[in-house]
Amino acid sequence: MKYLVMVQGSQADYEAMAGKPSENSPVWSEQELQAMFAFMNEINNDLAESGELIDAQGLTEPAQARFVSAGKDGRPVITDGPYGETKEVLAGYWLLDCESLERVTEIAERITRCPGPEGLVEPPVVIRPVQEAGGGC
């Protein structure tokens, strides 16, 4: 079964990584950033070695995002990020092929142990099964 494992973040989190802290996002030191990157690389290497990794990507900050929706007149409405009404957005993901929900949950639990600065409030890791083709809506 395929699963999408997602980590979330906010614009403030990305800014804290760049040296600008806020109330809920303490500043990251270079050492803390390197520890986080090493931790993520270790997870990716382990998942690649086990054959469970299909893809894994970190995403750029919300300020670089674009939101496209249908306007009332049928024409597209395009808005640049970040979005004040959105507290957290997708910060990165893994697409995994795991034998069970229990196994992918073990991986998500490991992801929650990612190192970071003191006082960091981490959002939960989200697991979503990927619907098989022809599975309906």
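The values are calculated or read from the model by the stated rules, or taken from the named source; none is laboratory data. What you see is a predicted model, and the numbers here were worked out from it, not measured in a lab. Ideal geometry is used to build each Cβ from the backbone, glycine not excepted, and the neighbour counts take in all protein chains shown. Ligands, DNA and RNA are excluded from the accessible area calculation, which covers all protein heavy atoms including side chains. Shrake-Rupley method; radii C 1.70, N 1.55, O 1.52, S 1.80 Å.
Here are the numbers for the structure shown:
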| item | result |
| --- | --- |
| Restricting the stretch 51-63 to residues that are open to solvent by 60 Å² or more (accessible area, probe 1.4 Å) and closer than 19 Å to PRO129 by Cα, the residue that is nearest to the chain's Cα centre (by Cα) | GLN57 |
| Among the candidates LEU53, LEU90, residue that is out of contact with any Pro (no Cβ under 7 Å at 6 or more places or on another chain) and at pLDDT 95 or above | LEU53 |
| Odd one out for SER29 among (1) open to solvent by 40 Å² or more (accessible area, probe 1.4 Å); (2) within 22 Å of GLU109 (Cα to Cα); (3) modelled with pLDDT of 95 or more | (2) |
| Failed item in (1) touching a Lys or Arg at 6+ places or on another chain (Cβ under 8 Å); (2) at pLDDT below 90, with GLU85 passing the rest | (1) |
| Test: residue in the stretch 106-115 that is open to solvent by less than 60 Å² (accessible area, probe 1.4 Å), more than 17 Å from the chain's Cα centre (by Cα) and in contact (Cβ under 8 Å) with a residue 60 or more places away in the chain | no |
| Test: residue in the stretch 85-102 that is closer than 20 Å to GLU15 by Cα, free of Cβ contacts under 8 Å to residues at least 24 places away in the same chain and open to solvent by 50 Å² or more (accessible area, probe 1.4 Å) | yes |
| Which listed residue is β-branched (Val, Ile, Thr) and open to solvent by 70 Å² or more (accessible area, probe 1.4 Å), from VAL130, VAL121 | VAL121 |
